[in-house]
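The values are calculated or read from the model by the stated rules, or taken from the named source; none is laboratory data. Worth saying up front: this structure is predicted, and the values here are computed from it rather than measured. Because the Cβ atoms are built from the backbone with ideal geometry, glycine has one as well, and the counts that use them run over all protein chains shown. In case anyone asks, the SASA skips ligands and DNA or RNA and just uses the protein heavy atoms, side chains included. Shrake-Rupley method; radii C 1.70, N 1.55, O 1.52, S 1.80 Å.
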Amino acid sequence: MPVLPSTLRRLATAIFACALLGAPILHAQNRESALSEAEIEKVRDSRLVPADCIALFTKFLDVRVQQIQDLYAKPRRPGREADTRELLEQLTSIADELGDNLDDYGPRHAELRKVLPKLIEGTERWSSAVKSLPEDATYSVGRKLALESIRDIRESATQLTADQEAWFKAHPPSKKKPEQPGPIDIPR
């Protein structure tokens, strides 16, 4: 009989290890699926200009919110709540990625003064759209997480706006155009 407890212990250990190893993999797969391949390519192309990158993420979030609103504007169809949950998960993932970008761009003093007010306006739209969803247990956790992510973006963008105003007031950008390089004079 001592073999049975040992076998059960190994089985329990194997299940526990699979659960621990599987959790990060599932989380990474979920995060990767939030953006389509075309959206990922657009983000890669815009990484060099932070304001363009922020504008892209704002657009992606607008698209997800519009998709959620479309689900409830049409007659109810089977699976609507599951689709809502999936879109809320995508919205949360994209919002978290946007928040990470804001955290990265802030200390580098990237010029974001024109795009931040639009982002703050966007957070108001997104939050009202998510709050307007009918209560449902299928997506209630996803709804709460989406609202928290949107709130975090709003707070980060508001703080970053104040930081940018102070920084650029103390360090005004040069109004002088950079000189165009002339012909190179090579000594003979």
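Brief remarks follow.
One line per residue, one yes/no per condition, for (1) over 12 Å from the mean Cα position of the chain (by Cα); (2) not acidic (D, E):
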site: E97; (1), (2): no, no
site: Y105; (1), (2): yes, yes
site: L112; (1), (2): yes, yes
site: E135; (1), (2): yes, no
site: S140; (1), (2): yes, yes
site: S156; (1), (2): yes, yes
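- For the stretch 56-92, the set of residues classified as out of contact with any Ser or Thr (no Cβ under 8 Å at 6 or more places or on another chain), in a helix (DSSP H, G or I) and of a type in the set (G, A, S) consists of A73 only.
- Of the listed requirements (1) open to solvent by 50 Å² or more (accessible area, probe 1.4 Å); (2) touching a Leu at 6+ places or on another chain (Cβ under 9 Å); (3) without any contact (Cβ under 8 Å) to a residue 40 or more places away in the chain, Y72 misses just one: (3).
- Residue within the stretch 175-184 that is modelled with pLDDT of 85 or more and open to solvent by 40 Å² or more (accessible area, probe 1.4 Å) present: no
- If you go through the stretch 75-90 and pick out every residue that is free of Cβ contacts under 8 Å to residues at least 24 places away in the same chain and open to solvent by 70 Å² or more (accessible area, probe 1.4 Å), you end up with 5.
- In the set L112, L102, only one residue is surrounded by 20 or more Cβ atoms within 10 Å (Cβ to Cβ) and outside any helix (DSSP H, G or I); that residue is L112.
- Selection of first residues in the stretch 157-169 that are in contact (Cβ under 8 Å) with a residue 12 or more places away in the chain and under 24 Å from E97 (Cα atoms) and of second residues that are open to solvent by 40 Å² or more (accessible area, probe 1.4 Å) and part of a helix (DSSP H, G or I), restricted to Cβ pairs under 8 Å at least 6 apart or on distinct chains, gives the following pairs, ordered by first then second residue: A157/I120; T158/I120; T161/P117; T161/I120.
- Any hit, the stretch 47-70, residues being modelled with pLDDT of 50 or more, over 20 Å from G142 (Cβ atoms) and touching a Cys at 6+ places or on another chain (Cβ under 9 Å): yes
- Considering residues of the stretch 116-136 that are open to solvent by 60 Å² or more (accessible area, probe 1.4 Å) and of a type in the set (G, A, S) only, the residue nearest to L160 (Cα to Cα): S128
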